[in-house]
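Colleague: Have a look at this one.
The values are calculated or read from the model by the stated rules, or taken from the named source; none is laboratory data. No experiment lies behind these values; they were computed from the predicted model shown. Here the Cβ positions follow ideal geometry from the backbone for every residue, glycine too, while neighbour counts run over all protein chains shown.
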Amino acid sequence: SMFKTLRTTPVEGMKPGTSGLRKKVKVVRDGLYLHNFVQALFDSLPPHEKEGATMVVSGDGRHYNREAIQIIIEIAAANGVGRLWIGKGGIMSTPAVSAVIREREGGTAMGGIILTASHNPGGPEEDFGIKYNMQNGEPALESFTDAVYAATLSIEEIKILANAPKVDLDVLGVTRVGEMVVEVIDPVQDYLGVLKDAFDFEALRKFIARPGGFKLVFDAMHGVAAPYAQVVLGKELGCPPSTFLHASSKEDFGGLHPDPNLAYASDLVKVMGLLPSGAPDPSMVEDKDVPDLGAAADGDADRNMILGKRFFVTPSDSLALIAANADAIPFFREQGGLRTVARSMPTSQAVDQVARAKGLTCVETPTGWKYFGNLMDARALGSAQDYVPILCGEESFGTGSNHVREKDGMWAVLAWLSILASHNPNPEAPLKPISAIVQEHWAIYGRNYYCRYDYETVDSDAANAMMAHLREPDFKPGPVLDGFVLAEVDDFSYSDPVDGRQAVKQGVRLLFEDGSRAVFRLSGTGSSGATIRMYLERYEADVSKQGMTSSEALKPLADFAIKLAKLEHYTGRRAPTVIT
Ligand code: VG1
Ligand code: CO
């Protein structure tokens with residue numbers, strides 16, 4: 001036959017983390033590494049669903065994307081898949097894959113393989129990654145990725161098509177590969193349709209062209225957001241070419257770290273008149289040259305950063321502001337108004353304040369977008385509770401809704417354009433800036449000072465020892481130091497309100513008497529060593545005390561939390577790798 005079987009042996013360490021499997025390119029391209037993982041994935045799909053099925057395969061265009069797609073084509077063809085949809089050039093953003101799975105031909109696809117390590121750097125020396133999304137377009141649940149992992153540990157053979165034709169990914173159209181059909185499709189079109197249903201494009205176009213003046217800068221960080229931004233912001237909404245920064249997709253993201261935060265999106269941060277700390281840059285005097293809205297996306301375009309003129313909007317505040325202004329977004333308005341907000345546990349409680357005031361359901365989930373999916377599909381899963389329309393967010397620059405089943409960077413930009421438009425009904429008047437909109441919000445709901453310290457490439461044993469120390473039963477509330485009183489310590493666990501699914505040991509929370517929090521957890525997206533994340537939050541209701549920088553406001557809490565965790569003792573680190 002034209003199928004052949006490759007003998008193989010299991011490779012250790014293929015356990016997917018918070019969002020897919022991430023490894024150095026060198027590891028993934030070595031021998032049958034990718035083959036093993038992909039075959040294990042196909043072995044874990046129910047045969048009757050996979051036979052003749054349509055699947056999406058695309059990536060964020062990082063180094064090794066095209067080679068990996070060709071290998072996946074050959075393995076898919078030998079595993080009975082009927083049709084593959086691949087974005088032109090082999091690229092599709094993560095939210096666009098979710099949209100294609102859900103919308104194209106009425107939601108025919110059984111799932112999608114997304115080749116991305118998201119916000120991790122790319123290039124021959126950097127990271128590659130594989131995510132799998134299910135039939136409803138949401139990231140695979142742990143039960144599935146656990147099954148894939150188990151399969152990687154017992155794999156013996158790979159089914160592959162011999163002498164498969166090379167598919168030209170740069171030409172739209174259909175190629176036959178054995179019994180399977182490969183269709184190279186427009187990577188933007190289905191996704192654009194979803195956005196057009198969610199927002200009022202005509203109103204946004206008018207707002208952008210307002211006579212009173214408005215300037216947007218969008219930083220694609222040389223990631224997959226580039227072609228989407230060109231179509232959505234450029235072609236559809238009429239933004240001029242000067243809007244775009246780092247706006248060509250590159251295999252190595254131009255050597256940048258494609259993570260949209262104050263540290264890594266440094267060019268945008270500068271353009272917006274800010275210092276890397278998020279404070280206004282005092283050396284910039286000409287306020288009028290600074291754009292009104294700055295936004296950036298990560299490698300696979302599911303993350304976003306929102307900046308105002310000389311003003312940093314924390315992702316947690318962004319979530320709260322979108323919740324408070326939900327009626328500015330047709331998607332929410334037209335479904336009778338926003339009903340539910342959900343945030344990951346380490347995300348600040350700013351959105352909780354809005355939920356309380358507006359009577360919305362507020363759900364606190366573990367880290368990772370996959371935990372939001374059940375809430376979005378509650379009705380389909382037979383739950384009595386209807387959570388949609390829903391707004392979800394993570395402190396890690398992730399925001400989105402049930403328009404797809406992924407966080408969505410471009411969605412966040414359109415959400416903020418909608419908010420700005422609603423606060424600026426008079427097109428002739430000078431623009432009310434984002435800083436004023438956020439400060440007014442704080443005056444109503446209070447301000448949740450927030451930041452995150454990351455300690456990267458820490459020795460894994462040292463990181464685990466520190467977490468074990470925090471989890472010791474005799475690590476009890478009580479100590480008072482520098483004015484802080486520790487009220488409670490717990491290890492976050494989650495019981496899914498729809499299907500009762502449990503997630504335990506999701507992060508140690510130090511809860512202080514004044515409502516402040518410090519949270520410690522280990523990252524699940526790194527490709528080597530461990531990353532400790534420390535999240536800090538302090539609530540301030542008093543308007544006269546809302547004007548500090550977050551580093552000023554949180555420094556004492558940070559010092560205290562570091563002391564309690566004995567972080568320096570366990571890791572030898574005196575300072576974090578990055579503060580966001
Ligand atoms: C990080 C973030 C988490 C996010 C995940 C995937 O996970 O903290 O909020 O969902 O990345 O984002 P971790 O385990 O490293 O803290 V992405 O843009 O990779 O899809
Ligand atoms: Co991402």
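Colleague: State whether the residues of the range 498-515 include one that is modelled with pLDDT of 90 or more, at positive phi and surrounded by 16 or more Cβ atoms within 10 Å (Cβ to Cβ).
Modeller: yes
Colleague: Taking the options ALA295, ALA301, ALA320, ALA328, name whichever one is under 19 Å from PRO433 (Cβ atoms) and within 16 Å of ligand 1 (Cβ to nearest atom).
Modeller: Going through ALA295, ALA301, ALA320, ALA328 in turn, the sole match is ALA295.
Colleague: Test of understanding: among SER435, SER418, SER396, which residue is crowded, with 24+ Cβ neighbours inside 10 Å, away from ligand 2 (no atom under 16 Å from the Cβ) and not acidic (Asp, Glu)?
Modeller: The conditions single out SER418.
Colleague: Name the residues in the range 123-133 that are over 17 Å from the mean Cα position of the chain (by Cα) and within 16 Å of ligand 1 (Cβ to nearest atom), would you?
Modeller: Of everything in the range 123-133, just one residue is over 17 Å from the mean Cα position of the chain (by Cα) and within 16 Å of ligand 1 (Cβ to nearest atom), namely GLU126.
Colleague: If you go through the range 537-580, how many residues are free of Cβ contacts under 8 Å to residues at least 60 places away in the same chain and within 24 Å of ASP281 (Cα to Cα)?
Modeller: 6
Colleague: From the list VAL489, VAL498, VAL519, which residue is aliphatic (A, V, I, L, M), more than 16 Å from ligand 1 (Cβ to nearest atom) and outside any loop (DSSP other than H, G, I, E, B)?
Modeller: VAL489 is the lone residue from the list that is aliphatic (A, V, I, L, M), more than 16 Å from ligand 1 (Cβ to nearest atom) and outside any loop (DSSP other than H, G, I, E, B).
Colleague: When the range 148-166 is examined, which residues are found to be surrounded by fewer than 17 Cβ atoms within 10 Å (Cβ to Cβ) and on the phi < 0 side of the Ramachandran plot?
Modeller: ALA150, LEU153, SER154, GLU156, GLU157, ALA162, PRO165, LYS166
Colleague: Still on this structure, I have one more. Would you call ARG447 in contact (Cβ under 8 Å) with a residue 40 or more places away in the chain, away from ligand 2 (no atom under 16 Å from the Cβ) and buried (at least 24 other Cβ atoms within 10 Å of the Cβ)?
Modeller: For ARG447, the condition - in contact (Cβ under 8 Å) with a residue 40 or more places away in the chain, away from ligand 2 (no atom under 16 Å from the Cβ) and buried (at least 24 other Cβ atoms within 10 Å of the Cβ) - is met.
Colleague: Suppose we filter the range 516-528 for residues that are away from ligand 2 (no atom under 16 Å from the Cβ) and under 18 Å from ARG452 (Cβ atoms); how many remain?
Modeller: 7
Colleague: State yes or no: is VAL388 farther than 23 Å from ALA443 by Cα and either among the hydroxyl-bearing types (Ser, Thr, Tyr) or over 17 Å from the mean Cα position of the chain (by Cα) (or both)?
Modeller: yes
Colleague: Return the residue satisfying two criteria in turn: it lies in the range 374-408 and is among the small types (Gly, Ala, Ser) and in a loop (DSSP other than H, G, I, E, B), and of such residues it is nearest to ligand 1 (Cβ to nearest atom).
Modeller: Filtering the range 374-408 for residues that are among the small types (Gly, Ala, Ser) and in a loop (DSSP other than H, G, I, E, B), the one nearest to ligand 1 (Cβ to nearest atom) comes out as SER396.
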